[in-house]
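Novice: Let me give you the structure first, and then I'll get to my questions.
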Amino acid sequence: MTERSGFLFCADPLRASRPDPQFAEDVAAARAAGGRIALLDHDALLAGDPAGAVARVARDSGPYWYRGWMIPSARYAELETALGARGCTLLTDAVDYRRAHELPGWYEEFDGLTPRSAWCAMASGAPPPSAEELAGLAAPLGPGPGIVKDFVKSRKHEWHEACYVPELGDRRQLASVVGRFVALQGDFLAGGLVLRAFEPFVAGGEARVWWVDGEAVLVTAHPDTPDRHPVPELPSVREAVGRLGLRWVTTDLALREDGVWRVVEVGDGQVSGLPAGAGTGELFAALAAAGAR
């Protein structure tokens with residue numbers, strides 16, 4: 001790793017001079033790979049103070065991989081600008097972060113590998129689309145059950161209330177679930193509304209695959225099912241990741257009941273969660289090498 005390359009971690013909210021202990025395993029792996037650590041005040045960034053958020057980053061200290069808590073796409077762009085003012089850059093720029101982080105950015109490259117989806121832009125705090133508008137949005141997905149989410153997240157823990165729609169063609173039912181989802185997301189609604197065709201998966205949990213420059217360098221359990229370790233088939237997913245052309249991404253894969261592996265979600269690797277004890281040495285060694293290129 002070059003002297004001008006490093007890792008930008010979230011600082012501990014209670015002691016700004018040290019990394020957030022939630023990322024202790026990643027920090028240790030980054031240091032073992034030769035990485036230099038800088039700290040970001042995540043709370044300040046979300047509060048609209050990007051200059052204050054990066055005040056501890058040394059000027060002209062080179063490019064950084066970010067590793068920490070999720071950042072809304074607009075705030076990430078502010079982070080990029082604030083680092084630029086200090087002579088620093090992000091190895092994943094704001095345009096690429098949005099492409100990996102939000103479903104409309106990655107969906108085309110994974111079409112055929114992931115459940116059929118339709119979406120519309122929507123500002124947080126805006127009222128949900130009308131029943132008629134929702135019916136038009138759902139029409140290309142055909143009849144059958146579906147899932148409601150925004151560009152980044154679902155509310156799967158409120159499954160029947162604000163996530164799962166037993167029949168997309170039932171306008172009243174669809175409007176009810178969407179309305180509840182929008183109300184619960186509130187100001188945290190990201191980008192817009194997404195409807196996805198529901199696909200039945202086996203109960204073996206999801207696998208999270210970590211890709212650096214198009215290569216799968218780590219496969220872990222999904223943080224929601226840390227005790228389950230499915231082994232997915234990757235050739236077709238590797239091709240899609242290559243088409244996407246982003247440097248550090250994750251793909252969540254699940255086995256459909258008919259025996260076909262499906263991409264449930266794509267994410268930016270910088271903000272994707274890891275199950276405890278996953279072992280990130282190989283991942284951060286790959287990132288260190290990639291950051292030096």
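The values are calculated or read from the model by the stated rules, or taken from the named source; none is laboratory data. This one's a predicted model, so the numbers in the text were calculated from it and none came from an experiment. As a convention, Cβ positions derive from the backbone with ideal geometry for all residues, glycine included, and neighbour counts pool all protein chains shown. What goes into the accessible areas is simple: the full protein's heavy atoms, side chains included, and nothing from ligands, DNA or RNA. Shrake-Rupley method; radii C 1.70, N 1.55, O 1.52, S 1.80 Å.
Novice: Could you list all residues from the stretch 114-143 that are closer than 13 Å to L195 by Cα, open to solvent by 30 Å² or more (accessible area, probe 1.4 Å), assigned to a helix (DSSP H, G or I) and of a type in the set (G, A, S)?
Specialist: G136, A139
Novice: Restricting attention to the stretch 197-221, which residues are of a type outside the set (A, V, I, L, M), out of contact with any helix residue (DSSP H, G or I) (no Cβ under 7 Å at 6 or more places or on another chain) and open to solvent by 20 Å² or more (accessible area, probe 1.4 Å)?
Specialist: Residues satisfying the conditions are F198, E199, P200, F201, G204, E206, R208, E215.
Novice: Shifting gears a bit: Mind listing whichever residues of the stretch 78-94 are more than 21 Å from G273 (Cα to Cα) and open to solvent by 20 Å² or more (accessible area, probe 1.4 Å)?
Specialist: E78, E80, T81, G84, A85, R86, G87, T89
Novice: With respect to W65, is the statement that it is of a type in the set (F, W, Y) and open to solvent by 40 Å² or more (accessible area, probe 1.4 Å) true? Write out each step before concluding.
Specialist: On the way: of a type in the set (F, W, Y): yes; open to solvent by 40 Å² or more (accessible area, probe 1.4 Å): no.
Taking the combined requirement at face value, the residue does not satisfy it.
Novice: Please pick out the residue among R15, R31, R59 that is in contact with a Lys or Arg (Cβ under 7 Å, 6 or more places away or on another chain), open to solvent by 20 Å² or more (accessible area, probe 1.4 Å) and basic (K, R). Break it down stepwise before answering.
Specialist: Working: R15 fails: in contact with a Lys or Arg (Cβ under 7 Å, 6 or more places away or on another chain); R31 fails: in contact with a Lys or Arg (Cβ under 7 Å, 6 or more places away or on another chain).
Step by step, each of R15, R31, R59 is checked, and only R59 is in contact with a Lys or Arg (Cβ under 7 Å, 6 or more places away or on another chain), open to solvent by 20 Å² or more (accessible area, probe 1.4 Å) and basic (K, R).
Novice: For the list (1) charged (D, E, K, R); (2) open to solvent by less than 50 Å² (accessible area, probe 1.4 Å); (3) more than 23 Å from D93 (Cβ to Cβ), I need the number of the one condition that D268 fails.
Specialist: For D268, the failing item is (3).
Novice: Inside the stretch 238-261, can you point out the residues that are within 17 Å of the chain's Cα centre (by Cα) and either crowded, with 18+ Cβ neighbours inside 10 Å or in a helix (DSSP H, G or I) (or both)?
Specialist: Within the stretch 238-261, A240, V241, L244, L246, R247, W248, V249, T250, T251, D252, L253, A254 qualify.
Novice: Out of the residues in the stretch 222-237 that are touching a Phe, Trp or Tyr at 6+ places or on another chain (Cβ under 8 Å) and in a loop (DSSP other than H, G, I, E, B), state the one that is least open to solvent (accessible area, probe 1.4 Å).
Specialist: Going through the qualifying residues, I end up with P232.
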